Amino acid sequence: MSEASSEDLLRSKDAGLLAREVQRTTVPTAIIQTLGHRGATLATAESLTAGGLSSRIAEVPGTSVALLGGVVAYSSAVKRHVLGVDDELLAQRGAVDPDVAAAMARGAASCIGADIGISTTGVAGPEPHEGKEVGTVYLGLACRKTQARRLGLSLPGVCEPPQAGLSAAEAEEWLSGSLLLDLEGDREQIRDAAVEGALKLVEDFLLTVPPGIGDRD
């Protein structure tokens with residue numbers, strides 16, 4: 001490993017996230033403990049990571065207290081029929097898209113019955129796909145608004161709210177958004193970095209302090 005910090009090796013800004021030499025800096029144990037303490041549950045929807053995210057979370061003993069399940073949605077048909085991603089959105093944008101990622105996260109939480117959904121969709125390589133370059137990855141995040149209000153949670157500032165593929169009913173029920181990661185590296189590195197980025201996004205989301213805590217002497 002180089003002497004660069006983990007923040008240098010794994011960063012999410014507008015430019016995205018560097019995948020080469022990525023370290024596992026996010027600890028799923030803390031995520032599961034936080035979810036358990038707050039009485040919230042999680043579901044995953046994965047395309048390019050193909051179960052790698054849920055597998056990483058499940059390394060934690062007692063994960064079932066918070067992780068209810070996941071959907072491996074490698075094909076657009078599964079995104080459409082299982083996760084409920086809008087047909088027109090998929091037809092117009094393709095599967096590697098920010099609003100598709102957000103819809104996948106909502107769909108995972110909805111069909112599994114969880115409070116929070118996290119999703120991955122992108123191009124791991126070795127070739128571009130649907131006009132998107134290798135390393136283009138979108139993470140989706142969704143939370144039921146009732147739970148978000150109860151826990152005082154809000155979307156991390158790096159997330160973009162959905163612009164399409166969201167019905168009025170879904171907008172009433174869900175807080176959701178997406179994050180673009182622009183990754184470099186080989187197929188394995190990109191998939192690993194996508195998992196790390198998704199874990200970090202959930203961790204950042206859960207770090208929101210409920211209103212009132214910390215205000216007392």
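The values are calculated or read from the model by the stated rules, or taken from the named source; none is laboratory data. Please read all numbers here as calculations on a predicted model, not as lab measurements. Please note: Cβ atoms are built from the backbone with ideal geometry, for glycine as well, and neighbour counts cover all protein chains shown. Heads up: the accessible areas ignore ligands, DNA and RNA and are worked out on the full protein's heavy atoms, side chains in. Shrake-Rupley method; radii C 1.70, N 1.55, O 1.52, S 1.80 Å.
For segment 148-164, indicate whether the set of residues that are open to solvent by 10 Å² or more (accessible area, probe 1.4 Å), β-branched (V, I, T) and at pLDDT below 95 is non-empty. Checked segment 148-164: at least one residue is open to solvent by 10 Å² or more (accessible area, probe 1.4 Å), β-branched (V, I, T) and at pLDDT below 95. On the stretch given as segment 49-76, residues that are in a loop (DSSP other than H, G, I, E, B), within 18 Å of G107 (Cβ to Cβ) and open to solvent by 30 Å² or more (accessible area, probe 1.4 Å) total 3. T136: β-branched (V, I, T), at pLDDT 95 or above and open to solvent by 50 Å² or more (accessible area, probe 1.4 Å), yes or no? No; evaluated as a whole, the condition is false for this residue.
Looking across segment 81-99, just one residue is open to solvent by 70 Å² or more (accessible area, probe 1.4 Å) and part of a loop (DSSP other than H, G, I, E, B), and that is V82. Restricting attention to segment 127-169, the residues that are assigned to a strand (DSSP E or B) and either closer than 27 Å to A91 by Cβ or touching a helix residue (DSSP H, G or I) at 6+ places or on another chain (Cβ under 7 Å) (or both) add up to 11. Total residues in segment 53-100 satisfying the condition of being among the hydrophobic types (A, V, I, L, M, F, W, C) and within 26 Å of D182 (Cβ to Cβ): the figure is 14.
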